[in-house]
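The values are calculated or read from the model by the stated rules, or taken from the named source; none is laboratory data. These numbers were taken from a predicted model, which means no experiment stands behind them. Positions of Cβ are backbone-derived with ideal geometry, glycine not excepted, and every protein chain shown enters the neighbour counts.
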Amino acid sequence: MKIGSYSMMGTKHRVNQDSFYVKQEGKKSLCIVADGMGGHNAGDVASKNAIEILSKIKKFDEKTIKSAITEANNSIFDMSKCDKSLEGMGTTVVMALVKGENATIVNVGDSRAYGINRMVAKQITIDHSYVQELISDGKITLAEANKHPLKNIITKAVGVAESVEPNICEVTMGKDEIILLCSDGVSGAVSEEEMIACCYEYIPPQAAEMLCRLAVKNGATDDVTAIVIRID
């Protein structure tokens, strides 16, 4: 398993409100991307707080994962209630807990996980967003969603409510396949064809950087973060 990660600040923030974490021990790894939201530096506080708590996960079972998400949610929610400058802050989260060829994928919000091979980049996660609800209800198509004026509105995040329920799914990766975790700054500006090209033209550390730089080149103004996990 080879892993690369990279993050860049976008033009609309004074600090990078994305945070990420990578820990690899042999064939086991924990990778997290968190995209914070809130005024001033509140989003930065929220994403870093989530990473601090979620990075302590030792067991990859659903009970442990949900407990860690709940702890992060409670911590951020309580901080926002105690400090006026942090009011309303929250963060998306997407995680890959990988053991061998098996991965547990967790998400809250619209940061995404993709399963990528040399032919296709398939979104694994389901966004918690307004446009995703429109897609699910059959009111708009995927093509329309990409250009929808309200595509950045999320319906769920860690820390904005008293409780939160993550999406959790299991995937099995084949040899030479890739898991990409990214904030919406990347997924909103980089096409699936470009994801495939970057992930297979470069080794994971370079691929993660190229994805972020390509997102900015393609017009992303938000912070951009990518983690590329390649199964050998």
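Considering region 120-232, the qualifying helices (runs of 4 or more DSSP H), each wholly inside and each with 1 or more residues that are over 22 Å from residue 22 (Cα atoms), over 19 Å from the mean Cα position of the chain (by Cα) and of a type in the set (S, T, N, Q), run over 130-136. Comparison of 126, 154 shows that the only residue that is more than 19 Å from residue 215 (Cα to Cα) and either touching a His at 6+ places or on another chain (Cβ under 8 Å) or without any contact (Cβ under 8 Å) to a residue 24 or more places away in the chain (or both) is 154. Keeping to region 8-52, report how many residues are among the hydroxyl-bearing types (Ser, Thr, Tyr), in a strand (DSSP E or B) and buried (at least 21 other Cβ atoms within 10 Å of the Cβ). Residues meeting the conditions: 1.
Here region 82-104 is the region considered, the condition is being in contact with a helix residue (DSSP H, G or I) (Cβ under 7 Å, 6 or more places away or on another chain) and buried (at least 24 other Cβ atoms within 10 Å of the Cβ), and the residue that is farthest from residue 43 (Cα to Cα) is 95. A single member of 197, 161 is touching a Phe, Trp or Tyr at 6+ places or on another chain (Cβ under 8 Å), among the small types (Gly, Ala, Ser) and surrounded by fewer than 24 Cβ atoms within 10 Å (Cβ to Cβ), and it is 161. Is region 139-155 home to any residue that is at negative phi and touching a Lys or Arg at 6+ places or on another chain (Cβ under 9 Å)? Within region 139-155 (the criterion being at negative phi and touching a Lys or Arg at 6+ places or on another chain (Cβ under 9 Å)), the answer is yes, since at least one residue qualifies.
Conditions tested, residue by residue: (1) of a type outside the set (Gly, Ala, Ser); (2) at pLDDT below 95.
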site	(1), (2)
84	yes, yes
92	yes, no
97	yes, no
111	no, no
138	no, yes
176	yes, yes
190	yes, no
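Across region 161-168, not a single residue is classified as at pLDDT 95 or above, under 17 Å from residue 32 (Cβ atoms) and of a type in the set (Ser, Thr, Tyr). Scanning region 207-225 for residues that are among the acidic types (Asp, Glu) and over 17 Å from residue 31 (Cβ atoms) gives 222, 223. A single member of 96, 72 is more than 25 Å from residue 173 (Cα to Cα), of a type in the set (A, V, I, L, M), touching a residue at least 24 places away in the same chain (Cβ under 8 Å) and out of contact with any Lys or Arg (no Cβ under 7 Å at 6 or more places or on another chain), and it is 72.
Summed over region 63-109, the residues that are more than 19 Å from the chain's Cα centre (by Cα), farther than 24 Å from residue 123 by Cα and not in a helix (DSSP H, G or I) give a count of 3. Kindly indicate the residue of region 215-230 that is surrounded by fewer than 24 Cβ atoms within 10 Å (Cβ to Cβ) and of a type in the set (S, T, N, Q) and also farthest from residue 94 (Cα to Cα) among those meeting that condition. Of everything passing the filter in region 215-230, 218 is farthest from residue 94 (Cα to Cα). For region 105-125, the candidate set comprises residues that are surrounded by fewer than 18 Cβ atoms within 10 Å (Cβ to Cβ) and touching a strand residue (DSSP E or B) at 6+ places or on another chain (Cβ under 6 Å); within that set, the residue that is farthest from residue 175 (Cα to Cα) is 123.
Taking the criterion of being of a type in the set (S, T, N, Q) and farther than 16 Å from residue 52 by Cβ, no residue of region 66-79 qualifies. For residue 26, the stated conditions do not hold, so it cannot be described as modelled with pLDDT under 95, among the small types (Gly, Ala, Ser) and farther than 29 Å from residue 177 by Cβ.
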